[in-house]
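For reference, the structure discussed in these notes is given below.
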Amino acid sequence: MNPGFDSPLCLGIESTAHTFGASIVDSKGQVITNVNSSYRPPSGVGIHPRKAAEHHGEHAFQVVREALATNGETHLDPDLIAYSAGPGLGPCLRVGATVARAISSYLGKPLVPVHHGIAHLDLAITASDAHDPLAVLVSGGHTAIIVHSDKKWIFYGETQDITLGNLLDMFAREGDLPSPGGLSVEQEAKHGQRLLPLPYTVKGNDIALSGLLTAAIRLLKKGEQVSDICFSIQEVAFAMLAEAVERSLVQTRRREVLLAGGVAANQRLREMIGQVARDHDASFHPVPSNYSGDCGAQIACSGQYAYRAGSSVPVSQSWVTPRWRLDEVEVSWIPRP
Ligand code: AMP
Ligand code: MG
């Protein structure tokens with residue numbers, strides 16, 4: 001029984017990288033449950049795909065069980081099952097897909113593959129009430145400035161090398177700061193006072209971050225204060241992105257700016273991108289912080305849209321695609337009415 005919720009209910013399973021998540025979202029995009037368990041590698045070490053997949057396998061049962069219960073009591077009956085089909089780490093993706101296939105087969109309910117990056121956008125758009133924004137997707141896997149046109153999200157600007165999430169995670173690893181690196185850098189940056197020189201590389205609507213990472217690691221080895229380096233990384237890297245976003249906003253003439261993905265939890269980044277929007281009389285739509293990082297809710301939310309657009313597949317064709325570009329996916333549900 002699904003008392004008080006708008007059918008169909010979608011169960012979303014997320015497992016692309018560090019997080020195994022399960023969530024129930026109703027047909028109006030209301031998040032009913034959202035349960036997530038994240039693999040945290042030891043300080044100084046990156047995510048090992050096999051270890052993350054082992055974590056997912058160990059926690060899947062409990063996470064799904066909790067997601068199917070409200071108040072720990074009412075049992076929810078999903079009408080469709082969505083899973084993150086890519087992009088992501090192969091061993092991790094396969095755990096989520098296997099769980100989703102099993103539930104779909106057992107319940108006899110449709111199975112819906114979802115693109116993880118599109119799902120970040122769908123949840124952010126739904127939760128922040130945007131309609132047709134210039135979207136800034138900043139996460140471990142993406143640093144992209146995109147707009148929706150002709151049933152596709154198209155890239156207006158992006159990183160030419162590593163993502164913003166990679167930059168923060170790799171620096172945190174060098175500095176022995178705990179995972180998630182972006183959160184550690186943000187906390188350190190609050191105590192930083194000196195703006196140290198770091199390379200600023202904007203090329204049109206694109207940015208490049210690997211030179212900045214190398215220079216920041218060099219400052220660390222020279223004995224500069226970690227807090228000052230973190231402060232400087234944020235100020236310089238975020239200003240680069242803000243410049244590229246500003247140029248894209250003027251060129252695309254969008255009236256809304258969306259900020260989505262795990263790095264969107266960062267307060268300083270929200271301030272800077274929000275200021276760009278304000279300067280150009282556009283409204284600013286940051287994803288709510290509790291939904292910024294990878295979570296089951298993004299998959300359940302995107303699953304609702306994808307299912308309505310006819311994207312369910314039989315179990316025999318429920319692939320995972322570790323490398324899957326966002327602009328290859330047909331998305332017919334933006335702009336929202
Ligand atoms: P996602 O893959 O969307 O979950 O995003 C993960 C990325 O978000 C990782 O690179 C994290 O280090 C980063 N992240 C998480 N919290 C923060 C934060 N408060 N500030 C900046 N980056 C963050
Ligand atoms: Mg993500």
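The values are calculated or read from the model by the stated rules, or taken from the named source; none is laboratory data. These numbers were taken from a predicted model, which means no experiment stands behind them. Virtual Cβ from ideal backbone geometry, glycine too; neighbours counted across all protein chains shown. Each accessible area value is taken on the protein alone, full model and side chains, heavy atoms only, with ligands, DNA and RNA left out. Shrake-Rupley method; radii C 1.70, N 1.55, O 1.52, S 1.80 Å.
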message: Can you tell me which residue is farthest from ARG323 (Cα to Cα) among those in region 55-81 that are at pLDDT 95 or above, open to solvent by less than 10 Å² (accessible area, probe 1.4 Å) and not in a helix (DSSP H, G or I)?
response: PRO78
Members of region 39-54 found to be part of a loop (DSSP other than H, G, I, E, B) and either within 16 Å of ligand 2 (Cβ to nearest atom) or touching a Leu at 6+ places or on another chain (Cβ under 7 Å) (or both), listed by number: TYR39, ARG40, SER43, GLY46, ILE47
query: Just for strands (runs of 3 or more DSSP E) wholly inside region 91-195: which have at least 2 residues that are surrounded by 24 or more Cβ atoms within 10 Å (Cβ to Cβ) and either near ligand 1 (Cβ under 10 Å from one of its atoms) or not aromatic (Phe, Trp, Tyr) (or both)?
result: 111-115, 134-138, 143-149
field: Matching entry among GLY57, GLY108 (being under 21 Å from VAL313 (Cα atoms) and either of a type outside the set (D, E, K, R) or away from ligand 2 (no atom under 16 Å from the Cβ) (or both))
entry: GLY108
- line: (1) within 20 Å of VAL31 (Cβ to Cβ); (2) assigned to a loop (DSSP other than H, G, I, E, B) all hold for ALA297 apart from (2)
message: If I ask for residues that are over 23 Å from GLY140 (Cα atoms) and either within 15 Å of ligand 1 (Cβ to nearest atom) or of a type in the set (A, V, I, L, M) (or both), which ones from region 1-32 would you list?
response: MET1, LEU9, LEU11, ILE24, VAL25, VAL31, ILE32
- prompt: Considering only helices (runs of 4 or more DSSP H) fully contained in region 198-291, which possess at least 1 residues that are surrounded by fewer than 17 Cβ atoms within 10 Å (Cβ to Cβ), in contact with an Asp or Glu (Cβ under 9 Å, 6 or more places away or on another chain) and not basic (Lys, Arg)?
  reply: 210-221, 267-279
- prompt: Mind checking which residues of region 284-329 are more than 19 Å from the chain's Cα centre (by Cα) and either touching a residue at least 40 places away in the same chain (Cβ under 8 Å) or under 23 Å from VAL63 (Cα atoms) (or both)?
  reply: TYR307, SER311, SER312, VAL313, PRO314, VAL315, SER318, TRP319
- request: Could you tell me which residue of region 1-38 is farthest from ligand 2 (Cβ to nearest atom), considering only residues that are assigned to a loop (DSSP other than H, G, I, E, B), under 16 Å from the mean Cα position of the chain (by Cα) and not small (Gly, Ala, Ser)?
  value: HIS18
message: Could you tell me how many of the residues in region 58-111 are without any contact (Cβ under 8 Å) to a residue 12 or more places away in the chain and either on the phi > 0 side of the Ramachandran plot or in contact with a Lys or Arg (Cβ under 7 Å, 6 or more places away or on another chain) (or both)?
response: 3
task: Specify which of the listed residues (SER38, SER84) is surrounded by fewer than 22 Cβ atoms within 10 Å (Cβ to Cβ) and closer than 20 Å to GLY117 by Cβ.
output: SER38
- line: Expected output for region 171-191 (first residue on the phi > 0 side of the Ramachandran plot, partner more than 7 Å from ligand 1 (Cβ to nearest atom) and open to solvent by 10 Å² or more (accessible area, probe 1.4 Å), Cβ below 6 Å, 6+ apart or cross-chain) is ASP176/SER43; ASP176/GLY44
